[in-house]
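K.L.:
What follows is a structure written as structure tokens; I'll ask about it next.
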Amino acid sequence: MNTRRLQWLLFAWFFVFPFLPLPPYWITIGNYIGLYAIVALGLVLLTGIGGLTSFGQAAFVGLGAYTTAYLSGVLGVSPWLGLPAGLLVSGLSAALIGSVTVRLSGHFLPLATIAWGLSLYYLFGTLEFLGKYDGLSGIPPLALFGLDLSAPEAMYGLIWLCLGGCLWLVLNLLDSRSGRAIRALASGRTMPEAMGVDTAQYKILIFVLAALMASLSGWLYAHLQRSVSATPFGLNMGIEYLFMAVVGGIGQVWGAILGAAVMTGLKSQLQDWLPRLFGSQGNFELVVFGVMIVLLLLWARQGLWPWLAGAWARWQPPAPLPLAPASAPAGYAGLARRSKPAPGSLLLDVDAARKAFGGLLAVKDMSFALRAGDVVGLIGPNGAGKSTMFNLLSGVLPPSGGAIRFCGERIDGLGARRIMELGIGRSFQHVHLLAQRSVLENVALGAHRRGHAGPLAAALHLERHEEARLLHLAAEQIRRCGLAEHMYTPAGSLALGQQRIVEIARALCSDPLLLLLDEPAAGLRLQEKQALAGLIRQLKAEGMAVLLVEHDMDFVMDLTDRLVVMEFGSKLAEGLPEVVRNDAAVLAAYLGGIE
Amino acid sequence: MDFGIFAVLAQDGVTNAAVYALLAMALVLVFSVTRIIFLPQGEFIGFGALTLAALQGGQFPRLLWLLIGVGVLCFAVDLLAALRQRRYKPLPRRQLLWSAGENLFYPLLLWALAQSFDWSAVPMLGQILFTLAVTVPLGVMLYRVAFQPLAEASVLVLLIVAVGVHFALIGLGLFIFGPEGSTTQAFTDWSAEFGALLMSGQSLVVIAVAAGLIAALYLFFERTLFGKALRATAVNRRGAQLVGIGTAQAGRMAFALAAALGSLAGILIGPLNTVGYDSGFIVALKGFVAAIVGGLASYPLAAAGALLVGLLESYASFWASAYKEVIVFTLIIPLLAWRSLASVHTDEEGA
Amino acid sequence: MSAVVLETRQLSVRYGKMEAVRSASIRLRAGEIVTVIGPNGAGKSSLLNAIMGALPSNGQADGEVLYEARDIGHHAVEQRLGKGLALVPEKRELFTSMSVEDNLLLGAYRRRRRGRSHREALDSVYAIFPRLRERRGQLAGTMSGGERQMVAIGRALMSDPKVLMLDEPSLGLAPRVMAEVFHVIARLRDSGVATLLIEQNSRAALQVADYGYVLEVGDVTLEGPAAELAHHPRVIEAYLGARH
């Protein structure tokens, strides 16, 4: 039995569950597991995969619940209108809050979520028309074509159907161009932006998606409970949702359900047992939860799902996903390609570029040029300003002066995304790969701008043709770089030299005219260096221009057409490798010695 | 609004601000030294006020049970850690003895002291010192048990652990102290009238003590090697490690100070408010808003933030009393947006 | 020949699956300057950090580190400092928003000899770097590259070490400043401090050192007296670059 089928079978079990002869109490527990899992699923997407921590999801649940409660309970509108209305309210609030807060770095975002979680909670409890802290009651039950859904068993079906739907959409979304962009978010800004991913936009997207799922859960909750009050939407609940995701395995889609089930089941058992053991004064399940979460993070930071999945994988290794198409899919040949410039035409022109950090001039009026088909080495001792120069070219840093032109167009001051769109691909000195994901997925991220399908199409899997083309494109680049046998290996388990080549393959996906390689030989063993040099020669033969920023003079000596030597931020020498190597000034500066 | 009301509100605002400032200082200190967002700070407010109230009421300070319990846990953790490393190095007998002294013997000593005196007859300063003698080691022990093993973890993991500790302490707080709150005795019943303004001695004491503590903190950071070592850890953790300022030692010191400031904040608000086991959390969160104004890094800005929060809350309670909390916590969002614009991002952000 | 103060035996460093240093065995005698040269990413910094006990949390050191013939492999950084080891890291790691003097004082946070007062220690550092005395009130972050390196070395000397480890001290320094730093290193030898020097500028390092090791991607591939190494054909080709 394959793993995927087992997962869905486990899921189907929850549908059989209400028909078993069980006390009704269990159905209620099942309902809550489903409701919580929907919220936790949103958190997995937002926090586990996207790297944005939120303690405030309960507030979005509250927005969904209060919207439908007010519309159907007070204004008497159909409960089915409460759902879109709630989604709209939560979605808009999330977009608004998100546009301010998701740009916040690191720990400021979780703090902000605590703050708006609290302020929405107090708002629910204060507003006259929402019944203050008593809340709203008398919410009508849901009915579908005359079928009354007020019984817990009926709601059970609806809740788990909704959960199944969300699960399907999230899994589809993650297995797509947008999904790769979302996965890349957690690794910081530089790498995804260099791949053409608009990180701010994707962050707001997952923020809104998580809020929408929370809102859906709130809608279901309101019509299950038939009354709402502020307490279940407070900060404590927001924290519990995050716990569920963490317990299940924060980066794991299926972990959301596992976490919700474990936490809800445990809580109900603890509420039964602890007062019998310790007496009724005290909130012991809170203590147990607190201690549990500390222990979990001390001993098993990954959560429960990876642990289960690991055990299962030993028995039944999972099939790789996604798979590259066996042959070129329809429309592959029609994929837009750049027209190649004539060999020898001016490609990159750096004119008196400079970069100051405070009073320190890291790059001082650097000028050099690179023509189509050229392989140029930018070398110099450590601390000479090569990396800063590289960051100016790749758009990570804006120059403080001078001009940089690519194919005649000014690119200084353009962002990394725009520069990569114009046809400059890059690698990173400290390899930036998603270690857990396959080589194919990592490389396909480089093709982000070659596709256009949005997240909605991806969630509904309406973009399979385009996705096949992108995956085929990525697979082609992997073969081109000689890594075909590692296509489905997790990138993190490759040797450093191979990881550097994966980065080059990823850069090639954008069909660049110029490759910028940042210290590609650093830390490589001899054979790895030879393999890398071979690849660069092959790319040159295919007409690619390459700028190598290197420290290792031996590596660039036989590989490059020309060398530019930097020292103390400015150009010391430029010319043919043999000439530069014997230049007295270069020898003195680069190779050193004390007078 | 006439001037009288304006002045009364200002006095209230500044008094609260003084307390928020203390909490904000502690939060900035703990975060900059350990990267822990110290959510359980609020519990120490309750611990401080309730322990002092128990001493004044001639009751046994029940927080000692928690100290004894956590102490046993601490020693067990130390012992386990030593045993697990036995293969690589000899059993550190001296360290274990020291740990037993700190974690087992010291709480029992306090217990004996609590039993053998009538603390209600002791001057208030003595009661306060005894309270701190209970709460400060508790802070250090919490660091040892929950955070020290995770010193290298990400801010997020540390934050979630902090939430876990907060939950555990709230749950235990209810068990230990019961649902009812207490008030402590007034520091003074002096008051003076200046025209329409009634100056309460209580407010003056709060403001003066808070100002004094802030000044003492300043001197500690500027003048003592310990204080400088804490600052150094905040500035450059790696550099601090290489000159031998251990992460664990700096963390213990930061938690000790945070626990002291938290319980002092509780002691300061004790006579004015009924403090229960869980009332500290919201107070501490307002300290948070202030600390965030300081970017969790700047003490003066955090103090300014505390003043802002205190005054805003005070005036909001006059105009729109129901929305006072909404206003204070919503304030964070524009503040954060402003902070994120103000701080210059370097290219690589911490994952 | 003077006594061996520091020795590593089969010292390996790994980060997860990646092995940065493979069974390196090096020796350092009292009052001697030993240099480890090699290309970028060859594991030189990892070697120093392992000796100091200051590897990042995912780093794992195996093998023995002997200080005065005792294995100190299980000691924490604080204890190693107390025994007389000090490291000047590649990135300097200064306390940038604190004054020069505070930076130096913190260097004495764990010092070897309790007898010497902070004042005396400061005076001896100021005697080596007179410029730091002039600048003692200035924030370390506002100083030039060369001055920062002096603060970093001065801070390490405040703990009164017997073994000073320097990680790429010439990095980013102008030649004149670099020469100054190397003169200080040579002078420290005369005061009995043993120095373990890691340099990418092999020529300068071999000029000042007594003995050298070549570390290439994890392995020690060559060793010998510095003067001999400087003329070894492989070193010349790979690191000094003068092919002809």
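K.L.:
Taking the stretch C:167-196 only, how many residues are at positive phi and charged (D, E, K, R)?
P.N.:
Summing the residues that are at positive phi and charged (D, E, K, R) in the stretch C:167-196 gives 1.
K.L.:
Can you go through B:Ala153, B:Ala162, B:Ala250 and tell me which one is within 14 Å of chain A (Cβ to nearest Cβ), within 17 Å of the chain's Cα centre (by Cα), buried (at least 17 other Cβ atoms within 10 Å of the Cβ) and hydrophobic (A, V, I, L, M, F, W, C)?
P.N.:
B:Ala162
K.L.:
Only one of A:Ser93, A:Ser54 is closer than 15 Å to A:Phe124 by Cα and under 23 Å from the mean Cα position of the chain (by Cα). Can you tell me which?
P.N.:
The match here is A:Ser93.
K.L.:
Could you pull out the residue among A:Gln269, A:Gln281 that is more than 25 Å from B:Leu150 (Cβ to Cβ), modelled with pLDDT under 85 and away from chain B (no Cβ under 12 Å)?
P.N.:
It is A:Gln269.
K.L.:
For residues that are within 8 Å of chain C (Cβ to nearest Cβ) and over 14 Å from B:Met253 (Cα atoms), scanning just the stretch B:226-239, find the one that is surrounded by the most Cβ atoms within 10 Å (Cβ to Cβ).
P.N.:
Here the answer is B:Gly239.
K.L.:
Let me ask something additional. For the stretch B:130-150, give me each residue that is of a type outside the set (A, V, I, L, M, F, W, C) and more than 9 Å from chain A (Cβ to nearest Cβ).
P.N.:
Residues satisfying the conditions are B:Thr131, B:Thr135, B:Pro137, B:Gly139, B:Tyr143, B:Arg144, B:Gln148.
Here's the yes/no breakdown for (1) under 18 Å from the mean Cα position of the chain (by Cα); (2) within 14 Å of chain A (Cβ to nearest Cβ):
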site	(1), (2)
C:Arg9	no, no
C:Ile26	yes, no
C:Ile37	yes, yes
C:Leu48	yes, no
C:Gly53	yes, no
C:Ala69	no, no
C:Ile72	yes, no
C:Arg80	yes, no
C:Lys83	yes, no
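K.L.:
With respect to B:Glu313, is the statement that it is part of a helix (DSSP H, G or I), acidic (Asp, Glu) and surrounded by fewer than 19 Cβ atoms within 10 Å (Cβ to Cβ) true?
P.N.:
So B:Glu313 fails the test.
K.L.:
Something else about it: Of the residues A:Val89, A:Val77, A:Val100, which is within 14 Å of chain B (Cβ to nearest Cβ) and surrounded by fewer than 24 Cβ atoms within 10 Å (Cβ to Cβ)?
P.N.:
A:Val100
K.L.:
Check off (1) assigned to a helix (DSSP H, G or I); (2) farther than 30 Å from C:Gly224 by Cα for C:Gly137 and give me the number that stays unchecked.
P.N.:
(1)
K.L.:
Right, next: Of all the helices (runs of 4 or more DSSP H) wholly in the stretch B:28-124, which have at least 1 residues that are modelled with pLDDT under 90 and away from chain C (no Cβ under 14 Å)?
P.N.:
B:63-84, B:93-100, B:106-116
K.L.:
Ok, one more. Answer yes or no: is there a residue in the stretch B:5-17 that is within 30 Å of B:Ala153 (Cα to Cα) and free of Cβ contacts under 8 Å to residues at least 12 places away in the same chain.
P.N.:
No, the stretch B:5-17 has no match at all.
This table checks each residue for (1) more than 9 Å from chain C (Cβ to nearest Cβ); (2) free of Cβ contacts under 8 Å to residues at least 60 places away in the same chain.
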| residue | (1), (2) |
| --- | --- |
| A:Glu503 | yes, no |
| A:Leu508 | yes, no |
| A:Glu519 | no, no |
| A:Leu559 | yes, no |
| A:Glu567 | yes, no |
| A:Leu572 | yes, no |
| A:Glu578 | yes, yes |
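K.L.:
Also: Can you name the number of the only condition in (1) in contact with a helix residue (DSSP H, G or I) (Cβ under 7 Å, 6 or more places away or on another chain); (2) touching a residue at least 40 places away in the same chain (Cβ under 8 Å); (3) within 11 Å of chain C (Cβ to nearest Cβ); (4) of a type in the set (Asp, Glu) that A:Asp554 fails?
P.N.:
The one condition A:Asp554 does not meet is (2).
K.L.:
Given the conditions (1) away from every other protein chain (no Cβ under 12 Å); (2) under 30 Å from C:Glu228 (Cβ atoms); (3) not in a loop (DSSP other than H, G, I, E, B), and given that C:Ala121 satisfies all but one, which numbered condition is not satisfied?
P.N.:
Among (1) away from every other protein chain (no Cβ under 12 Å); (2) under 30 Å from C:Glu228 (Cβ atoms); (3) not in a loop (DSSP other than H, G, I, E, B), the lone unmet condition for C:Ala121 is (2).
K.L.:
Right, C:Glu199: on the phi < 0 side of the Ramachandran plot and surrounded by fewer than 24 Cβ atoms within 10 Å (Cβ to Cβ) or not?
P.N.:
Considered against the rule, which asks whether it is on the phi < 0 side of the Ramachandran plot and surrounded by fewer than 24 Cβ atoms within 10 Å (Cβ to Cβ), C:Glu199 comes out as no.
K.L.:
Counting only residues that are basic (Lys, Arg), give me the strands (runs of 3 or more DSSP E) lying completely in the stretch A:328-404 with at least 1 of them.
P.N.:
Fully inside the stretch A:328-404 and qualifying: A:346-357, A:360-371.
K.L.:
Any residue at all in the stretch C:213-222 that is more than 14 Å from chain A (Cβ to nearest Cβ), more than 16 Å from the chain's Cα centre (by Cα), surrounded by fewer than 24 Cβ atoms within 10 Å (Cβ to Cβ) and closer than 27 Å to A:Gly523 by Cβ?
P.N.:
Yes.
K.L.:
Quick check, is B:Leu52 of a type in the set (A, V, I, L, M, F, W, C), under 17 Å from B:Val275 (Cα atoms) and under 18 Å from the mean Cα position of the chain (by Cα)?
P.N.:
Yes.
K.L.:
Looking only at the stretch B:313-325, count how many residues are modelled with pLDDT of 85 or more and closer than 20 Å to A:Ile97 by Cβ.
P.N.:
0
Here is a yes/no grid of residues against (1) at pLDDT 90 or above; (2) farther than 20 Å from C:Gly172 by Cβ; (3) surrounded by 15 or more Cβ atoms within 10 Å (Cβ to Cβ):
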site: A:Gln316; (1), (2), (3): no, yes, no
site: A:Ala330; (1), (2), (3): no, yes, no
site: A:Leu348; (1), (2), (3): yes, yes, yes
site: A:Ala369; (1), (2), (3): yes, yes, yes
site: A:Lys386; (1), (2), (3): no, no, yes
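K.L.:
Would you point out the residue of the stretch B:215-225, among those that are surrounded by fewer than 18 Cβ atoms within 10 Å (Cβ to Cβ) and touching a Leu at 6+ places or on another chain (Cβ under 9 Å), that is nearest to the other protein chains (Cβ to nearest Cβ)?
P.N.:
Across the stretch B:215-225, the extreme among qualifying residues is B:Leu225.
K.L.:
Among the residues of the stretch B:177-206, which ones are closer than 22 Å to B:Ala53 by Cβ, among the hydrophobic types (A, V, I, L, M, F, W, C) and touching a Ser or Thr at 6+ places or on another chain (Cβ under 7 Å)?
P.N.:
B:Val205, B:Val206
K.L.:
Would you confirm whether or not the stretch C:141-152 contains a residue that is in a loop (DSSP other than H, G, I, E, B), over 18 Å from the mean Cα position of the chain (by Cα) and farther than 18 Å from B:Leu242 by Cα?
P.N.:
yes
K.L.:
Report those strands (runs of 3 or more DSSP E) wholly inside the stretch C:1-70 carrying at least 3 residues which are of a type in the set (Val, Ile, Thr).
P.N.:
Here the list reads C:4-15, C:33-37.
K.L.:
Name the helices (runs of 4 or more DSSP H) wholly inside the stretch A:483-595 in which the number of residues that are over 37 Å from the mean Cα position of the chain (by Cα) is 3 or more.
P.N.:
A:577-581
Results for (1) farther than 16 Å from B:Leu331 by Cβ; (2) of a type in the set (A, V, I, L, M, F, W, C); (3) free of Cβ contacts under 8 Å to residues at least 60 places away in the same chain; (4) not in a strand (DSSP E or B), shown as yes or no for each residue.
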{"position": "A:Ser99", "(1), (2), (3), (4)": "yes, no, no, yes"}
{"position": "A:Arg103", "(1), (2), (3), (4)": "yes, no, no, yes"}
{"position": "A:Ala112", "(1), (2), (3), (4)": "no, yes, yes, yes"}
{"position": "A:Ala115", "(1), (2), (3), (4)": "no, yes, yes, yes"}
{"position": "A:Leu118", "(1), (2), (3), (4)": "no, yes, no, yes"}
{"position": "A:Leu123", "(1), (2), (3), (4)": "no, yes, yes, yes"}
{"position": "A:Ile139", "(1), (2), (3), (4)": "yes, yes, no, yes"}
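The values are calculated or read from the model by the stated rules, or taken from the named source; none is laboratory data. Here the structure is a predicted model, which is why all the values come from computation and not from measurement. Every residue, glycine among them, receives a Cβ derived from its backbone with ideal geometry; neighbour counts consider all protein chains shown.
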